[in-house]
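For reference, the structure is listed below as structure tokens.
The values are calculated or read from the model by the stated rules, or taken from the named source; none is laboratory data. Small disclaimer: the values here were computed from a predicted structure and weren't measured. Reconstructed Cβ throughout: ideal geometry from the backbone, glycine too, with neighbour counts over all protein chains shown. Calculation scope for accessible area: heavy atoms of the full protein, side chains included, ligands and nucleic acids excluded. Shrake-Rupley method; radii C 1.70, N 1.55, O 1.52, S 1.80 Å.
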Amino acid sequence: MGAFRRDRFTWLAYLLLGYFAYLQASLGPLMPFLRSELHLGYAEGGLHLSAFAGGMIAAGLSAAPLAQRMGRRTLLWGGAISMTLGALLLMSGLHVAVTLSAALGMGYLGTLLLVMIQAALSDHHGALRATALTEANMLAMLCAGLSPLMVGLWARTAVGWRGALLTAVLALGWIALFNRSVPIPSQTSSFERRAAAKRLPASFWAVWLALIMSVAMEWCMVAWSADFLTGVVGLPATDAAMLVSVFFIGALLGRFANSRWTLHASPRTLLLAMLVVVAIGFPVFWLARTPPVAVMGLGVVGFGVGALFPLGLSMALTIAADHADAASGWVSTAAGLAILIAPFTLGALADRYELNAAFSVLLLFNATALIITAAVRPRRLG
């Protein structure tokens, strides 16, 4: 295994993934402003994230065939530019039908970009794909964490919350200006084109299910940890909202640490270790009734959960290394399914059994992912 090298394409992929993550994460923070302007209820506001997740699912299923017909370069830059157009449509929408359509379009077209980034990075770095994918997702987490800050800062100006989306538009323009001629790695073998009918192995689908559990845990924590700190631990709402940043800091540190550890250990070994970290940290958070202990547990959970998706993605793409577009598409579908279903499910359970009891579902998610990962013996397809 040679030294890991970040060339121009690697940096381009990192920046474009950060751009995607920023726009994806912006939907939550800007929703109070959009609901106020359009006089929407909570359910109508929540449908925007559901629409984005629905677009992710559709894109994951269609990305590989589209890449075969149109090529990765077209889908990568087309998805990036089209996601910007979706953001502009969201900004200008005067009716909920328009803004929901914009969110759906951003989810679909942005995920085509996401699938191409993941597949191309995997092919480009080969045996070192785990390092590239973990580093890329570390930057994505950083950009996602910047999104609520930018929404809040712009909301205090005459431009308003729309300035946060304009920031992303300008960032893409800057990225494209200096990187439009960078070559995009193509499929590494003929398998992508001539063996689409060849089934991905059972080990891939096992990892795919573990990825659904992993993303479900991440988004349940993102969606409901502030409410938990308020309703169960007893913190004021403003303090709880601010302390959720501890989860994101932990996730960022987890992705950074694992990007270094992937140079010395396999993604499967690290994934098992991070699931054990979550198994230790989550009960600390869940059972805590004092703010310092709860916040400490929140940070530990963030450290473990934050690394699960890039490590699981690396496992999936290693198993299906000659089918990177299809495998990356299915992984994005898994993420979309988890985002669409898991936070809603936890909320529904909280309505019926109270939030503290509902959070126990994360124990099930983690145990399922841990058992599956321990049982999988990855074999490369091809």
> Within segment 232-291, which residues are farther than 17 Å from Leu133 by Cα, part of a helix (DSSP H, G or I) and among the small types (Gly, Ala, Ser)?
Replying inline: Ala237, Ala240, Ala241, Ser245, Gly250, Ala273, Ala279, Gly281
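Of the residues that sit in segment 340-359 and are more than 19 Å from Gly46 (Cα to Cα) and of a type in the set (D, E, K, R), which one is most open to solvent (accessible area, probe 1.4 Å)?
Restricting attention to segment 340-359, the residues satisfying the condition of being more than 19 Å from Gly46 (Cα to Cα) are 352-354, 356-359.
Going one step further and asking which of them are of a type in the set (D, E, K, R), we end up with 352, 354.
Working: Arg352: 184, Glu354: 132 Å².
Residue satisfying both the conditions and the ranking: Arg352.
Taking the conditions exactly as written (within 25 Å of Ile339 (Cα to Cα), part of a helix (DSSP H, G or I), in contact (Cβ under 8 Å) with a residue 12 or more places away in the chain and open to solvent by 10 Å² or more (accessible area, probe 1.4 Å)), does Leu104 satisfy them or not?
Numbers: within 25 Å of Ile339 (Cα to Cα): yes; part of a helix (DSSP H, G or I): yes; in contact (Cβ under 8 Å) with a residue 12 or more places away in the chain: yes; open to solvent by 10 Å² or more (accessible area, probe 1.4 Å): yes.
So Leu104 fits the description; yes.
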> Considering only segment 304-350, how many residues are of a type in the set (Phe, Trp, Tyr) and either under 20 Å from Gly254 (Cβ atoms) or within 16 Å of the chain's Cα centre (by Cα) (or both)?
Replying inline: 2
> Can you tell me which residue in segment 209-240 is nearest to Phe282 (Cα to Cα), limited to those that are among the hydroxyl-bearing types (Ser, Thr, Tyr) and touching a helix residue (DSSP H, G or I) at 6+ places or on another chain (Cβ under 9 Å)?
Replying inline: Ser225
> What are the residues in segment 152-171 that are assigned to a helix (DSSP H, G or I) and either under 19 Å from the mean Cα position of the chain (by Cα) or small (Gly, Ala, Ser) (or both), if any?
Replying inline: Gly152, Ala155, Gly163, Ala164, Leu165, Ala168, Ala171
> Would it be correct to say that Arg72 is charged (D, E, K, R), surrounded by 22 or more Cβ atoms within 10 Å (Cβ to Cβ) and at pLDDT below 90?
Replying inline: yes
